[in-house]
Amino acid sequence: MSITVYYSSVSGSREVKQAQSEILQFLDAKKIKYFAVDITESSDFKEEMRKKVGNPSAMPPQVFNGDKYCGDYQKFSDAMEDGKPEAFFKL
């Protein structure tokens, strides 16, 4: 299994940038390998992300482990508060 994080390198929202940064920093700190997909590089990536999430208006960041949907930033934040971030990433 591999972690995939869909993110946006171009976002006018400070909240989105912060959320993306927190997830990626966590993965880097734990030395968890991941693949980052920038949805601004191609509309196909955005469509792929939204299709996999099952929500036509889903916004980044969205996280997957293989084909399994882990969740968005709110679910990551909740897992961090519960002290179970590894469970969020389905590790």
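To the nearest 20 debye, what charge dipole does the chain have about its Cα centre, counting +1 at the Cβ of each Lys and Arg and -1 at the Cβ of each Asp and Glu?
Computed about the Cα centre, the dipole is about 160 debye.
How large is the accessible surface per residue of the chain, computed with a 1.4 Å probe and reported in Å² as a whole number?
For the chain, the solvent-accessible area averages 63 Å² per residue.
So how much accessible area does Leu24 have, in Å² to the nearest 10, using a 1.4 Å probe?
Approximately 40 Å² of Leu24 is accessible to the 1.4 Å probe.
Of the listed pairs Lys30/Lys90; Lys31/Lys90; Lys33/Lys68; Lys17/Lys46; Lys52/Lys84; Lys31/Lys52, which have alpha-carbon separations greater than 20 Å here?
Lys52/Lys84; Lys31/Lys52, as the Cα separations exceed 20 Å there.
Roughly how many whole Å is it from the C-alpha centroid of the stretch 3-50 to that of the stretch 73-89?
Cα centres, the stretch 3-50 to the stretch 73-89: 16 Å.
Suppose only helical runs count, i.e. DSSP H with n ≥ 4. What mean residue ellipticity at 222 nm does that imply for the chain under -39500 (n - 2.57) per run, divided by all residues and rounded to the nearest 500 deg cm²/dmol? Each step should come with its number before you reach the end.
Working: 4 runs with 40 residues, N = 91.
Dividing the helical sum by the residues of the chain leaves -13000 deg cm²/dmol.
Compute, for Tyr7, the solvent-accessible surface of its heavy atoms (probe 1.4 Å) with the complete set of protein chains present, and express it in square angstrom to the nearest 10.
The accessible area of Tyr7 comes to roughly 50 Å².
The values are calculated or read from the model by the stated rules, or taken from the named source; none is laboratory data. Because the structure is predicted, anything quoted here is derived from the model rather than measured. Cβ atoms come from the backbone with ideal geometry, glycine included; neighbour counts cover every protein chain shown. Heads up: the accessible areas ignore ligands, DNA and RNA and are worked out on the full protein's heavy atoms, side chains in. Shrake-Rupley method; radii C 1.70, N 1.55, O 1.52, S 1.80 Å.
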